[in-house]
Amino acid sequence: MLNHMLLLFIIVVALFSYSNIPKEIFPPSKLDSVTVSGFYSGASSKLLDKIAVSKIEQDISNLSQVAKVTSIIKNGSFFVVAELKKGYEAGAVVDEIKDIITNIKSDLPSDMDEPIVKVNELVFPLVNISIYGYDDKQKLLAIANELKDDLMQFEQLSEVSIRGDSDLELLITLDDRKIAAYELDIDALIGAISSISTIFPAGAIKEYGTHYYLTMASGTLDAKELGETILRVGQKQIQLQDIATVEAVLSDPDTISRFNGQQNITISLSKGKDGDSIELVKQVKELLNRYEQKYESLHFDTFADTSVWIKNRLNTVVSNIAFGLILLFAALFYFINYRIAIVVAIGIPTSFAIGLIGAYYFGFSLNMLTLLGALIALGMLVDEAIVVAENIYRYIEEGKSKTQAAIIGALEMYPAVLTATATTIFAFLPILLMSGEVGKFIQVLPIMIVILLLSSFVEAFFFLPLHSKQILQVSQNKKNVETIWQVSKQIYGKILDFILTRRWSSLFVMLSVIIGATLLLVKVMKFEFMVPFDATQVYISGSVGSGKTLAQTEEEVKKLEDAILKNIEFGDDIASLTSIIGLKLDGQNEASMEEFYFQLFLNLHERAPTNFFEKFITPILSPAYDSSNMIRHKSSFEIKNEVERILSSFVKNGDFAELSIFVPQAGVVKNDIEIAFSGDENSVAEAIEKVKLALEQIGGVGGIQDDLSYDNVELKLKPNRYAQMLGVDERYLLNALKPFYLKAEYAKIFSDSGVLQIRLQGVQKDSFEYLSKLNIQLPNSTQRVQLKDLVTVEKIPTQTNVFKENTTQINSVTAVLDRTKTSSEVYKELIPTLNALDGVKFEIKGEQRENQRVQKELLQAFVIAMLLIFVALIWMFESVVKSLIVLSIIPLSVLGILVGHLIMGLNISMPTLIGIVGLAGVIVNDGIIMMDFIKKAKTLKEIKQYALLRLRPILITSLTTFLGLSTLIFFASGQALILQPMAVTLGFGILWATVLNLYFVPLVYSLVYFRTKNPLFR
């Protein structure tokens, strides 16, 4: 009764966990970090580096918790990221970095705001909303902000940002010639304009019963009325409109959003770590329906809806799991007693329920990797149950009572099952040693498998004996399958006879064939980081070249949009085209902001079913199947190739400084190819050109670009001796120029929506030619002198963006692979060029760096796993030799892995290596089962007899494990393709290891323990 109540409790808690656990496509891969951001309008990237960033970087780098400091410095702003070492949380470090900023504030310019320090919060893109239908941008923005306010009421939304947002402001454009004509003192004029409006209180009168609060009227919002304002400047009185134009305008936006070739307003929604994406988007769409009823002439379309992707991907994996369970049940029902099959089958949902509770308790989400981990573990979950249930059934057949059989059968198998479970866990746990973003991305996989294996072990010895007692009974009917097992034993026995009577020659042939075939396949196999998978977007990102405004960039992007809209049919394959001017995304979906950057999103429909499983099985077994959007027939890579063909003329003509077209993947690696250079600026520039030229000669490489740009010029103004004689120094010049060129805020006015800024600029602000003709009023005088007569001007080319890593400035070359070549092959051709570079240091980053790190760390994990497994085997067998015999299966099983990849047309990849580490713990389980019996043998004949007793459990456990993996091996699609190589590694590795455990283990055992030649079996 207690067992049943506990089982009911587990199911209830599992249902509660499922309803609350967050649901995403992928787990997060970003490391804990703290960011420092600062703004100083008008400052060049080089100046910002000198006056602020260098000091901030140095002090943060000295913190023991910080692993790496990276900086991006742009004209007018900077962004510093402090990545933390493993084991440190950002919340514990942020206060120390805040103290650093406080301490260095005195070294920063007095008119610069204190840099902002915050923890880099984990966010997941949710959905984008496109609002269009009005030509009046101000009205659209008002409605967008209204919608934003309503969206912010959803607690689980972490970010709601409006692309193309800008605030209404009053812009006063000063005419320096009119100011000179009126002989106005510029400082007095600016003071008068700044005094037009104030938002500060004047005090309070607190009479008995009533309190009066004194405030000013805060100017006027009417541009005409403001222009008519009378200013007293010195002894003169003028109207503001006499020397300036006044306009109520929208401020310059950071980005411009476009939808299907037309300007729109886009609202991007993201959620935090908590929250159900599917439920959140459902609530958002209900809100949008209300807005469409409220604003009938407006459209509120959604795109890049991750809830659809998540629901469909999770449905696919859940249906894979369900079908795997059906295959397992069918195999168990057919190959063993159906009552044993029922006992074993009951335990699987129990294991999954415990696994779901564990995932929720440890703070993981329900995503592709957690579910694929469950799918990978599916076949392993029944291994312990089969062995225990069969042993209990054997004792029932021998005549023992059901209670006695349950107790004795379970206890007898406890050491072997404990060891088998421990070896599997020992194999997967070291994978947690992987570091970096890849380690964080993949960590949920071994944890999920370990949780499920532990839950399976608990179920096998706590619940299964009870179920066996209630369900198992001796069957009097002999099934046809018994004939199959008899034939199997006869065939196995004859082959084993043959091997054991020719032991040395058999061993030589086996090792020669296995080692030779393995080495041959290793030579022809390629290595890639991850298997590319079909996605629901194609990215087109790039730059029109620094020095362009948002409006100019938009005009160039229209050309790309027109080419795509005219040459690609939007229908079953493509849903919409979205453009964001002012930003571009990399492979990790991290945004870089500049006026000359752009990002186009080709939003695709969901892929139509492509294989038997997706067409006929998934619709039946999915819990919430919806095929309404599954109408796309082309893969995202085919569409990407089509876009490349259409836009090829832009690339050939060099119309864009950068243009990359790629299909976004898991976001673990920023760029396929990335090489960072540091050193002398001229040497770095030369090296970058050489490397780009070399990459162009390598097939399969495209989207080659660099981040080195000297299109901006810093003008250093130095007062000459004439200026010094007139009392004009640098400070005086700075104050004289700022009102005309900085476009800074000089006053504020209250409005219904908040506070409006009053900004100043000169009528010729963006004319370089006019700068030298600008008349500068002399100190304490009404006389004016042209700027060119007062200063010498030094023109210094400056980088648009400065990139730094650990205080060292770097510039990078990046490229995209078209998957006909791996990064390893590209670098093999590129290394001679890199080694020939003089005067620069280079660092290989991107996919290749992750390849090297993953291979190194997984090798370490494999060694640790082998040692842990070896210790477990010694505990089990109390023999080093027996343990080594079982372990010898692991390296020999690599042949099965390579053959599996060859059959499935896959390259070796990072998931393959993870699978090899995990496989080490799985395949020794059958070795343990075999060794546990044959170690009792006294003769070669007895070895055969004991080996025959283990034939059925070994074949069944191997078969069930392979069947559990079969859907992922043969029918993987979408993001599930990432782990297909791991499933192939485990599945084909287990099949080949089964052969080795049945033949190689008895053979080697006989050679070690029975050295004298025995007569043939009789």
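The values are calculated or read from the model by the stated rules, or taken from the named source; none is laboratory data. Everything quoted here is computed from the prediction, not taken from an experiment. Note that each Cβ is placed from the backbone with ideal geometry, even for glycine, and that neighbours are counted across all protein chains shown. Areas reflect the complete protein model, heavy atoms only, side chains present, ligands, DNA and RNA absent. Shrake-Rupley method; radii C 1.70, N 1.55, O 1.52, S 1.80 Å.
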>> Six or more apart or on different chains, Cβ atoms under 6 Å: show the pairs whose first residue is in the range 638-658 and closer than 19 Å to Q537 by Cβ and whose second is open to solvent by 70 Å² or more (accessible area, probe 1.4 Å).
In response: I646/N567
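Looking for whichever is surrounded by fewer than 21 Cβ atoms within 10 Å (Cβ to Cβ), part of a loop (DSSP other than H, G, I, E, B) and among the aromatic types (F, W, Y) here; the options are Y18, Y88. Which one fits?
Values: Y18 fails: part of a loop (DSSP other than H, G, I, E, B).
So the residue among Y18, Y88 that is surrounded by fewer than 21 Cβ atoms within 10 Å (Cβ to Cβ), part of a loop (DSSP other than H, G, I, E, B) and among the aromatic types (F, W, Y) is Y88.
Identify, please: which residue in the range 510-549 is of a type outside the set (A, V, I, L, M, F, W, C) and in a helix (DSSP H, G or I) and is, among those, surrounded by the most Cβ atoms within 10 Å (Cβ to Cβ)? It would help to see each step written out before you state the result.
First, pick out the residues of the range 510-549 that are of a type outside the set (A, V, I, L, M, F, W, C): 512, 516, 518, 523, 526, 528, 532, 534, 536-537, 539, 541-543, 545-549.
Imposing the further condition that a residue be in a helix (DSSP H, G or I) reduces the set to 512, 516, 518, 523.
Values: S512: 10, G516: 11, T518: 19, K523: 7.
Filtering first and then ranking leaves T518.
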> Any idea which residue in the range 93-149 is modelled with the lowest pLDDT, counting only those that are open to solvent by 70 Å² or more (accessible area, probe 1.4 Å) and assigned to a strand (DSSP E or B)?
Replying inline: P125
> Checking I104 against (1) under 24 Å from the mean Cα position of the chain (by Cα); (2) at negative phi, which test does it fail?
Replying inline: (1)
> How many residues, within the range 648-663, are within 17 Å of N603 (Cβ to Cβ) and aliphatic (A, V, I, L, M)?
Replying inline: 2
>> For the range 779-788, check the following and say yes or no: at least one residue is under 30 Å from L906 (Cα atoms) and modelled with pLDDT of 90 or more.
In response: no
>> I need the full set of residues from the range 257-310 which are open to solvent by 40 Å² or more (accessible area, probe 1.4 Å), under 24 Å from the mean Cα position of the chain (by Cα) and not basic (K, R), in order please.
In response: D274, I278, E279, T302, W309
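Sort out which residues of the range 18-57 are among the hydroxyl-bearing types (S, T, Y) and out of contact with any Gly (no Cβ under 9 Å at 6 or more places or on another chain), and write them in order of number.
If the condition is that a residue be among the hydroxyl-bearing types (S, T, Y) and out of contact with any Gly (no Cβ under 9 Å at 6 or more places or on another chain), then Y18, S19, S33, T35, S37, S54 are the ones that fit.
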> Out of curiosity, is N3 exposed (fewer than 14 other Cβ atoms within 10 Å of the Cβ) and at pLDDT below 85?
Replying inline: yes
>> One residue is enough: does the range 266-285 have a residue meeting the conditions charged (D, E, K, R), modelled with pLDDT of 90 or more and over 18 Å from N145 (Cα atoms)?
In response: yes
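Which count do you get for residues in the range 758-788 that are in contact with a strand residue (DSSP E or B) (Cβ under 9 Å, 6 or more places away or on another chain) and either open to solvent by less than 20 Å² (accessible area, probe 1.4 Å) or not in a loop (DSSP other than H, G, I, E, B) (or both)?
Keep residues of the range 758-788 that are in contact with a strand residue (DSSP E or B) (Cβ under 9 Å, 6 or more places away or on another chain), which gives 758-763, 765, 768, 770-778, 783-787.
Next, from what is left, pick out any that are either open to solvent by less than 20 Å² (accessible area, probe 1.4 Å) or not in a loop (DSSP other than H, G, I, E, B) (or both): 758-762, 768, 770-771, 774-778, 784-787.
So the count comes out to 17.
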>> Of the residues E642, E674, only one is modelled with pLDDT of 90 or more and outside any strand (DSSP E or B); which?
In response: E642
> If we keep just the residues of the range 550-574 that are assigned to a loop (DSSP other than H, G, I, E, B) and touching a strand residue (DSSP E or B) at 6+ places or on another chain (Cβ under 8 Å), which is nearest to D655 (Cα to Cα)?
Replying inline: I568
> Give me the pairs: first residue in the range 158-187 and more than 30 Å from F259 (Cβ to Cβ), second residue among the aromatic types (F, W, Y) and assigned to a strand (DSSP E or B), beta-carbon distance under 6 Å, and six or more apart or on different chains, which are they?
Replying inline: none
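Can you pull out every residue in the range 29-41 that is open to solvent by 30 Å² or more (accessible area, probe 1.4 Å) and either under 21 Å from G363 (Cα atoms) or in contact with a Cys (Cβ under 7 Å, 6 or more places away or on another chain) (or both)?
The answer is K30, L31, D32.
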> Is it fair to say M380 is crowded, with 22+ Cβ neighbours inside 10 Å, among the aliphatic types (A, V, I, L, M), closer than 19 Å to G915 by Cβ and within 24 Å of the chain's Cα centre (by Cα)?
Replying inline: no
> What single numbered condition from (1) surrounded by fewer than 20 Cβ atoms within 10 Å (Cβ to Cβ); (2) assigned to a helix (DSSP H, G or I); (3) at pLDDT 85 or above fails to hold for K68?
Replying inline: (2)
> Out of all the residues in the range 866-876, is one or more more than 35 Å from the chain's Cα centre (by Cα) and open to solvent by less than 20 Å² (accessible area, probe 1.4 Å)?
Replying inline: yes
> For the range 672-692, which residues satisfy the criterion of being open to solvent by less than 10 Å² (accessible area, probe 1.4 Å) and within 18 Å of T800 (Cα to Cα)?
Replying inline: A676, F677, V684, I688
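Please specify each residue of the range 211-241 satisfying the condition of being within 30 Å of T549 (Cβ to Cβ) and either in contact (Cβ under 8 Å) with a residue 60 or more places away in the chain or open to solvent by less than 80 Å² (accessible area, probe 1.4 Å) (or both). Don't jump to the end; show me each part of the working.
In the first step, residues of the range 211-241 are kept if they are within 30 Å of T549 (Cβ to Cβ); the result is 219, 221-224, 226-227, 240-241.
Hits for the range 211-241 are G219, L221, D222, A223, L226, G227, L240.
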>> Here is a list: V1004, V922, V984. Which entry is open to solvent by 20 Å² or more (accessible area, probe 1.4 Å) and of a type in the set (V, I, T)?
In response: V1004
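Residues are listed down the side, and each one gets a yes or a no for (1) of a type outside the set (S, T, Y); (2) touching a residue at least 24 places away in the same chain (Cβ under 8 Å); (3) more than 30 Å from S307 (Cα to Cα); (4) touching a Cys at 6+ places or on another chain (Cβ under 9 Å):
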| position | (1), (2), (3), (4) |
| --- | --- |
| L369 | yes, yes, no, no |
| L378 | yes, yes, no, no |
| E390 | yes, yes, yes, no |
| R394 | yes, no, yes, no |
| V417 | yes, yes, yes, no |
| A420 | yes, yes, yes, no |
| V438 | yes, yes, no, no |
| L445 | yes, yes, no, no |
| L464 | yes, yes, yes, no |
>> Going through V871, V791 one at a time, which residue ends up being within 30 Å of E730 (Cβ to Cβ) and at pLDDT 90 or above?
In response: V791
>> For the range 236-256, give me each residue that is within 28 Å of the chain's Cα centre (by Cα) and of a type in the set (V, I, T).
In response: T255, I256
>> Looking for something over 24 Å from the mean Cα position of the chain (by Cα) and at pLDDT 85 or above - is there at least one such residue anywhere in the range 426-439?
In response: yes
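Sort through S505, S488 and tell me the only one that's within 30 Å of L968 (Cβ to Cβ), open to solvent by 30 Å² or more (accessible area, probe 1.4 Å) and either in contact (Cβ under 8 Å) with a residue 12 or more places away in the chain or over 50 Å from the mean Cα position of the chain (by Cα) (or both).
Numbers: S505 fails: within 30 Å of L968 (Cβ to Cβ).
Sole residue among the options that is within 30 Å of L968 (Cβ to Cβ), open to solvent by 30 Å² or more (accessible area, probe 1.4 Å) and either in contact (Cβ under 8 Å) with a residue 12 or more places away in the chain or over 50 Å from the mean Cα position of the chain (by Cα) (or both): S488.
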> For the range 716-736, what are the residues that are more than 16 Å from E794 (Cα to Cα) and crowded, with 16+ Cβ neighbours inside 10 Å?
Replying inline: A723, L726, V728, Y732, A736
